[in-house]
Amino acid sequence: MDDLRSLLADARDRLRGIPREGLGQLREPGRLRGALGARPRIVRVGEGWHLGVLLLTDDGLLATGEILRAAEEVRRGYAAESQRRRAELRAMAFRGGFAEGETLHLGWSAIDVDAVADGGADGPLSWQNGVLSVRWSPAGFLRPLAPYLDEQIDLLTAPRT
């Protein structure tokens, strides 16, 4: 049986010095402190290493949600409502303090490492025939977590040419 805590500790050690990406959370303007015209924003609540369907933090593991790049708000005509919504989210991140073009994650969810380590399942992690595995997409197959982490870490640490 794989030891999830050891796999995560090893991954953190291997990733030291590698830049992380921001974790964002939507904040609505409060009625007590919000001024007239205050608008929702996405604020930084942490950071983590993006490892495919996982986000590894200093003290936890998250399942990815939506990935965005912050951008200053500009008026554009979008044919699709989904494009308009993404542009709104990008502008909310910029208003919330993310730099222009900075990558951030929104809608992530915490994975219960203890439950998974004890043989359970949570988010994209589960056990298959005694092997800790990850489902790399909603319709994707399960694959062993250890080589998946190796591959994702190699992608982040490989020299850029």
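The values are calculated or read from the model by the stated rules, or taken from the named source; none is laboratory data. These numbers were taken from a predicted model, which means no experiment stands behind them. So basically every Cβ, Gly included, is an ideal-geometry build from the backbone, and we count neighbours across all protein chains shown. These area figures cover heavy atoms from the full protein model, side chains too; ligands, DNA and RNA do not enter into them. Shrake-Rupley method; radii C 1.70, N 1.55, O 1.52, S 1.80 Å.
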Do we have Val134 as modelled with pLDDT of 95 or more, under 19 Å from the mean Cα position of the chain (by Cα), more than 17 Å from Arg14 (Cα to Cα) and in a helix (DSSP H, G or I) here? no
Whichever residue in the range 11-20 is open to solvent by 50 Å² or more (accessible area, probe 1.4 Å) and either out of contact with any helix residue (DSSP H, G or I) (no Cβ under 8 Å at 6 or more places or on another chain) or at pLDDT below 95 (or both) and, among such residues, is nearest to Glu66 (Cα to Cα): Arg20
Candidate set from the range 40-58 (those that are of a type in the set (A, V, I, L, M, F, W, C) and touching a Pro at 6+ places or on another chain (Cβ under 8 Å)); member that is least open to solvent (accessible area, probe 1.4 Å): Leu54
Scan the range 128-140 for residues that are open to solvent by 30 Å² or more (accessible area, probe 1.4 Å) and either out of contact with any strand residue (DSSP E or B) (no Cβ under 7 Å at 6 or more places or on another chain) or within 30 Å of Glu72 (Cα to Cα) (or both) and jot them down. Asn129, Gly130, Ser137, Pro138, Ala139
Need the failing condition index for Pro147 against (1) out of contact with any Lys or Arg (no Cβ under 9 Å at 6 or more places or on another chain); (2) at pLDDT 95 or above; (3) surrounded by 14 or more Cβ atoms within 10 Å (Cβ to Cβ), just the number. (3)
Leading residue by the ranking (most open to solvent (accessible area, probe 1.4 Å)) among those in the range 72-114 that are modelled with pLDDT of 95 or more and in contact with a Phe, Trp or Tyr (Cβ under 7 Å, 6 or more places away or on another chain): Glu100
